[in-house]
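J.: Have a look at this one before I ask anything.
The values are calculated or read from the model by the stated rules, or taken from the named source; none is laboratory data. Keep in mind that what you see is a predicted model, and the values were worked out from it rather than measured. As a convention, Cβ positions derive from the backbone with ideal geometry for all residues, glycine included, and neighbour counts pool all protein chains shown. Ligands, DNA and RNA are excluded from the accessible area calculation, which covers all protein heavy atoms including side chains. Shrake-Rupley method; radii C 1.70, N 1.55, O 1.52, S 1.80 Å.
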Amino acid sequence: MMEVKLAEYAGFCFGVKRAVESVYEQIKNGKNIYTYGPIVHNEEVVKDLTQNGVRVLESREELLQLSAESRLREGERAEKEPSVIIRAHGVPEEVYHILKEKKLECIDATCPFVARIQKKVEQESRAGYHVVIIGNAGHPEVEGIIGWCKGPVTVLGDVSEAEKFQSAEGEKLCIVAQTTFNYNKFYNIVEILEKKGYNSIVANTICNATEERQRAARELAAEADVMIVIGGKHSSNTRKLYEICSEECAHTYFIQTLDDLHLELPKAVRLVGITAGASTPNKLIEEVQNYVRINF
């Protein structure tokens, strides 16, 4: 009989859960809500929030356009001024200055793990360190961290970039990681930098939830005949789960919703494993679990 098993750690992490709940709380309060960027990298969650009247500010320019004149929209009362929610990924320091200058209410849902990195790079860069962020260039969390650096900063995403990296003579490095970066890749890159003999301090800032989720996914994929990874297509941590599971299980599927699930099961399947990224709601995970149990 085929078994369907969920990884020990899967779905919403603390930071994402906290951010999403903060938005729904403001919806209940009847506020005119904007999020700075999609609150999570999950299109289903963002779609539901949009249907509840939440609007997404996609850029600094859109934030700047939230002027007193634009606050009154058709059907809204004058006292319903905008509330801007900072997502779990965090934002550059400049965004806080804009919100303060424009006197906009700011609800800060930055993940505490991310906020810790921001504080670390601000402190060390002020002390003269060149900040090296091991992560994905262009990712909103990484862009936010860059925005707190007061000096030179470099983003390294893989081993080849680390091998090409050259620090100036006598320069001190402060090495941190994107919270959702692949744990093993982080240490491979750090090892390359350390072999170069740089004067550096290393802070493993990958959050515990990421480490636990990656470890649990790898362990389950190693014993599964089929793995299903659920998460948003723009979710960095979900893509990394897919990479990890693919290394252990040849039949690994990456889906956003149940509609994407088109399983081609090999013969004599004993175990179907399921894991999910940090921005995947439990309801969706349960839907996939139940569907596989009933139909295969």
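J.: Mind listing the phi-derived Karplus ³J(HN,Hα) values for segment 272-282, rounded to whole Hz, using 6.51, -1.76 and 1.60 with θ = phi - 60°, and x for any glycine or proline?
T.: Here the 3J(HN,Hα) series is 10, x, 10, 9, 8, x, 5, 10, 9, x, 4 Hz.
J.: Could you work out the mean projected area of the convex hull around the alpha carbons of segment 125-273, in square nanometres to one decimal?
T.: The directionally averaged projection comes out at 9.9 nm².
J.: Let me ask something else. Grab the other residues whose beta carbon is less than 15 angstrom from that of Pro152, score K and R as +1, D and E as -1, and report the net. Before the final figure, lay out the partial values.
T.: Values: positive: Arg126, Lys150, Lys172; negative: Glu122, Glu124, Glu169, Glu171.
In short, -1.
J.: Rounded to the nearest 20 Debye, what is the dipole magnitude of the chain about its Cα centre when Lys and Arg each give +1 and Asp and Glu each give -1 at the C-beta?
T.: Result for the chain is approximately 520 debye, rounded to the nearest 20.
J.: Now, a different point. Roughly how many whole Å is it from the C-alpha centroid of segment 219-256 to that of segment 100-141?
T.: 29
J.: Taking 20 °C and 1.002 mPa s as the conditions, I'd like the Stokes-Einstein D for segment 30-183 in µm²/s, using the Kirkwood hydrodynamic radius from alpha carbon pairs.
T.: Translational diffusion coefficient: 125 µm²/s.
J.: From the residues Ala276, Gln289, Val153, which one has its Cα farthest along the dipole of the chain in the positive direction, the dipole being from +1 and -1 charges on Cβ of Lys/Arg and Asp/Glu about the Cα centre?
T.: Val153
J.: In terms of the ratio Rg/(2.2 N^0.38 Å) built on C-alpha atoms, what value belongs to segment 1-63?
T.: My calculation over the Cα atoms of segment 1-63 gives 1.43.
J.: Moving on. Residue farthest toward the positive end of the dipole of segment 178-221, with Cβ of Lys/Arg at +1 and Asp/Glu at -1: which of Val190, Ala216, Val202?
T.: Comparing the listed Cα positions along the dipole, Val190 ranks first.
J.: I want to check the label-to-label distance for Ile201 and Lys119. Put each point 7 Å from Cα in the C-beta direction and report it in nm to one decimal.
T.: So the two model labels end up 1.4 nm from each other.
J.: Now for a separate question. If amide hydrogens are placed 1.01 Å from N in the peptide plane, which non-local residues have theirs closer than 5 Å to the one on Ser200?
T.: Leu173
J.: Considering only the other residues whose Cβ falls under 10 Å of the Cβ of Val269, what net charge follows from Lys and Arg at +1 and Asp and Glu at -1? Can you show the working numbers first?
T.: Values: positive: Lys267, Arg270; negative: Glu3, Asp225.
It works out to a net charge of 0.
J.: Moving to a separate point now. Once you list every other residue whose beta carbon is under 10 Å from the beta carbon of Val91, what net charge do they have if Lys and Arg are +1 and Asp and Glu are -1?
T.: -3
J.: Then there's this: Can you compute the radius of gyration and Dmax for segment 145-193, using only the Cα atoms, both in Å?
T.: Spelled out, the Cα radius of gyration and Dmax of segment 145-193 are 11.3, 31 Å.
J.: How long are the semi-axes of the ellipsoid equivalent to the chain, from square roots of 5 times the Cα gyration tensor eigenvalues, in whole Å, largest first?
T.: Three semi-axes, in Å: 34, 31, 12.
J.: Where only protein heavy atoms count, and the probe is 1.4 Å, what is the accessible area per residue for segment 137-296 in Å²?
T.: Roughly 46 Å² per residue, with all protein chains present.
J.: Ignoring ligands, DNA and RNA, please state the percent of accessible area on segment 193-244 from carbon and sulfur, probe 1.4 Å.
T.: 42
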